[in-house]
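To keep things clear, I will list the structure first and then write my remarks on it.
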Amino acid sequence: MWLSEQFCKTTPPEVSGFGEVTISGGKAAAKDADREQRLLPLVSPGGFVWLPDTGDQVLVLREGAPCIIGRIQPEQRELSPGEVMLYAGSGSIRLRKDGTIELTGKVIVNGQVLGGNTNGE
């Protein structure tokens, strides 16, 4: 009986895991230790659109409806609990808990550059 029970025990497949983006874009591909999955849809919070970059470490849902769920966060950028930051390259929008909105980078509103000079600085 013990022997037959040992043969019946199987490790369930992992439903999700971390992988590295191998093809960026709207239908990305990610590779983990076992395999590469291609044409994966991207899942993000409502009102937020992103495209992973090649080499990004992402969470991949492997079973059911395979997709890329999100990216592993980089080092914290001096955020306080409850704050939100959107960034791409050196530009960012930071929403502070006190209602302050910080913009970093060139700011353009309706085609007009805001700031002290034509470089937006």
Please report, for the Cα atoms of region 38-105, the Rg to one decimal and the Dmax as a whole number; what are they, in angstrom? 14.3, 42
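Considering only the other residues whose Cβ falls under 9 Å of the Cβ of Arg62, what net charge follows from Lys and Arg at +1 and Asp and Glu at -1? Show your work: numbers first, answer last.
Values: positive: Arg35; negative: Glu14, Asp32, Asp34, Glu63.
Net local charge, Arg62 excluded: -3.
From the protein chains alone at 1.4 Å, what is the descending order of accessible area for Phe48, Phe18, largest first? Don't skip to the end; give the middle numbers.
Details: Phe48 85, Phe18 130 Å².
From most accessible down to least: Phe18, Phe48.
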Region 9-72: radius of gyration over Cα atoms, expressed as a fraction of 2.2 N^0.38 Å: 1.10
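The values are calculated or read from the model by the stated rules, or taken from the named source; none is laboratory data. Predicted, not measured: the structure shown is a model, and the values here were computed from it. Because the Cβ atoms are built from the backbone with ideal geometry, glycine has one as well, and the counts that use them run over all protein chains shown. Protein only, heavy atoms only, side chains kept; ligands, DNA and RNA dropped before computing areas. Shrake-Rupley method; radii C 1.70, N 1.55, O 1.52, S 1.80 Å.
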